[in-house]
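Chemist: Provided herewith is a single structure, encoded as structure tokens, for subsequent inquiry.
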Amino acid sequence: MDLKGRVLVVCLLLSAFFLSAFAVAVALEDPELKQCKHQCKHQRGFDEWQKQQCERKCEDYIKQKREQEDQRRRWEGGGGGGGGGEGGSFYIREREEFEGRGQQQQQQGDENPYFFEDQHFETRVQTEEGRVQVLQKFNERSDLLRGIENFRVGFLVTEPHAFVAPTHLDADCRPTITLVREEKKESHNLERGDLFRIPAGTPFYILNRDDNERLHIVQLLKAVSTPGEYEAFHSAGGQDPESFFKAFSPEVLQAAFKTDRNKLDRLFGQQTRGSIIRASKEQVQRMSQQHGHGGSEGIWPLPFHGGELTSKDSFNLFKKHPSQENKFGRLFEADFKDFKQLQEFDLLVSFANITRGAMEGPFFNSRATKISVVLDGEGHFEMACPHVGKQRQHSGRSQQRQKSSPTYQKMRGDLRRGAVFVAPAGHPVTTIASRNNNLQLLCFEVNARDNIMFPLVGKNNVVSQFDRQAKELSFDVPASEVESIFNNQKDELFFEGPNEQPQHGLMHES
């Protein structure tokens with residue numbers, strides 16, 4: 001989707017959010033439950049439906065906690081006071097039923113822990129002029145993702161002429177911004193495809209200068225203190241957003257600003273329109289004149305700016321030659337050799353455009369965990385996972401005892417704009433575009449240093465590098481038969497897709 005935008009500054013603006021992902025609670029008089037519900041009711045930025053969902057999670061959490069405590073007490077006391085064998089049988093049966101319910105709930109909740117859709121995003125800011133949504137913490141969805149628990153994915157959408165109030169985050173983020181550094185202000189005009197880092201604690205604000213088009217931005221954030229947790233700190237504001245200056249006593253503020261209290265009360269009590277508001281045409285023009293002119297076109301959701309940056313400030317992903325390219329797709333990549341700012345985070349950033357009806361992979365990464373965000377188009381992904389298969393093995397141990405190798409589960413998700421999926425290191429994965437549209441992906445590879453991407457099919461696939469004897473021993477067929485199959489595909493990375501689209505669903509057993 002083309003966006004004719006001239007955007008001055010771009011980054012996430014996030015309000016405080018306390019809830020991790022409770023599965024929560026019980027009686028109303030329970031102090032822990034009351035505190036949890038109180039926080040839900042007074043959570044800034046939550047609408048009524050979100051508050052109700054939050055309270056239900058509180059109740060579920062406390063209820064589950066109570067059941068586990070009661071069950072533990074009954075089980076520990078069952079051997080001495082239960083009487084005859086029937087009592088012991090009751091406790092065993094009840095314990096098995098309880099554990100069975102827990103396993104069933106876990107399987108339902110974690111059917112595909114690597115796939116995220118709309119319901120997995122939290123709305124941090126919502127006004128008439130825009131919204132901020134942040135993906136839940138990865139390790140909240142599953143412990144299998146704790147390796148990337150310190151990273152979060154966020155979306156920012158603003159209407160034309162929207163202004164995002166000044167703030168700073170206790171997390172590093174990217175890609176584009178206007179910054180206030182020490183005693184000087186730096187306003188950067190970026191082009192389509194620029195990567196840009198916003199250091200933690202750096203104040204910034206955002207303006208969408210376009211007259212007609214919305215601004216869409218994707219960001220990767222990394223917490224600098226508590227893994228996966230970060231907050232927004234609003235300096236400017238009033239009632240909504242609330243300025244952090246209001247946390248200080250009036251006497252301190254009067255001394256600090258050398259201003260009487262009435263003027264301070266007015267300054268920090270006037271704003272009630274939220275943190276994303278509309279700027280007038282005159283205000284947009286004045287800010288545009290101050291920060292220069294220019295504009296360019298590009299694709300959703302990368303920002304669009306006129307002007308230039310030095311090489312150390314940013315890197316343009318699309319000014320490199322594609323890493324891979326054929327009629328079935330194109331891949332652009334940037335690592336720390338291209339953009340030094342990526343080195344600190346051990347990241348590689350890439351953009352893949354998969355032609356409609358085509359596919360990317362299968363392949364796997366040796367070290368990197370790949371976070372993919374769907375920018376545009378439709379399709380689906382499939383991934384082989386031994387961990388979920390291992391969980392299934394535990395429920396049928398007697399059938400699995402004679403098998404020495406892991407059981408792989410096919411993880412699958414239907415992709416559309418805004419969906420996110422994760423491919424951990426070592427997990428073979430493929431992505432297929434629908435026959436209606438190209439599929440465009442923005443990808444962040446965490447732990448990218450010394451990572452190797454191993455293609456499993458096509459030119460230079462990993463199996464074709466095996467010795468002939470290794471091929472025969474591995475597949476228990478003649479090496480010529482292995483080679484006839486693995487050497488048949490002549491393209492590399494991007495291929496013609498399947499003739500028939502697989503059935504819809506999140507996961508199917510293989």
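Chemist: Going through 484, 464 one at a time, which residue ends up being surrounded by fewer than 12 Cβ atoms within 10 Å (Cβ to Cβ) and either part of a helix (DSSP H, G or I) or not assigned by TED's automatic domain parsing to the domain that holds residue 353 (or both)? Let's see the steps before the verdict.
Modeler: On the way: 464 fails: surrounded by fewer than 12 Cβ atoms within 10 Å (Cβ to Cβ).
One residue alone meets the criteria, 484.
Chemist: Another one. Test each condition in (1) at pLDDT below 65; (2) more than 30 Å from residue 141 (Cβ to Cβ) for residue 246 and report the one that comes out false.
Modeler: Going through (1) at pLDDT below 65; (2) more than 30 Å from residue 141 (Cβ to Cβ) one by one, residue 246 breaks only (1).
Chemist: Quick one: in the stretch 302-344, of everything that is acidic (Asp, Glu) and either at pLDDT 95 or above or in a strand (DSSP E or B) (or both), which residue is surrounded by the fewest Cβ atoms within 10 Å (Cβ to Cβ)? If you could, list the steps in order and put the result at the bottom.
Modeler: Filtering the stretch 302-344 down to residues acidic (Asp, Glu) leaves 308, 313, 325, 333, 335, 338, 344.
From what's left, either at pLDDT 95 or above or in a strand (DSSP E or B) (or both): 325, 333.
Details: 325: 15, 333: 19.
Going through the qualifying residues, I end up with 325.
Chemist: How do the pairs read when you match residues in the stretch 250-275 that are in the same structural domain as residue 159 (by TED's automatic domain parsing) and crowded, with 16+ Cβ neighbours inside 10 Å with residues anywhere that are at pLDDT below 90 and among the basic types (Lys, Arg), using Cβ under 6 Å and keeping only pairs 6 or more apart or on different chains?
Modeler: Every condition considered, the pairs that remain are 268/246.
Chemist: Something else now. Hey, which of the strands (runs of 3 or more DSSP E) in the stretch 382-437, taking only ones fully inside, have at least 2 residues that are of a type in the set (A, V, I, L, M) and at pLDDT below 95? Write out each step before concluding.
Modeler: Values: elements: 409-415, 420-423, 429-433.
Because the criterion is at least 2 residues that are of a type in the set (A, V, I, L, M) and at pLDDT below 95, no strands (runs of 3 or more DSSP E) in the stretch 382-437 meet it.
Chemist: Just name the residue that is farthest from residue 331 (Cα to Cα) out of those in the stretch 418-466 that are under 22 Å from the mean Cα position of the chain (by Cα) and of a type in the set (Phe, Trp, Tyr). Talk me through it step by step, then tell me what you get.
Modeler: In the first step, residues of the stretch 418-466 are kept if they are under 22 Å from the mean Cα position of the chain (by Cα); the result is 418-433, 438-449, 451, 453.
Going one step further and asking which of them are of a type in the set (Phe, Trp, Tyr), we end up with 421, 444.
Details: 421: 18, 444: 13 Å.
Checked the stretch 418-466; the qualifying residue farthest from residue 331 (Cα to Cα) is 421.
The values are calculated or read from the model by the stated rules, or taken from the named source; none is laboratory data. Predicted model, so just to flag it, every value in this text is computed and none were measured. Quick reminder, even Gly has a Cβ in these numbers, built from the backbone with ideal geometry, and neighbours come from all protein chains shown.
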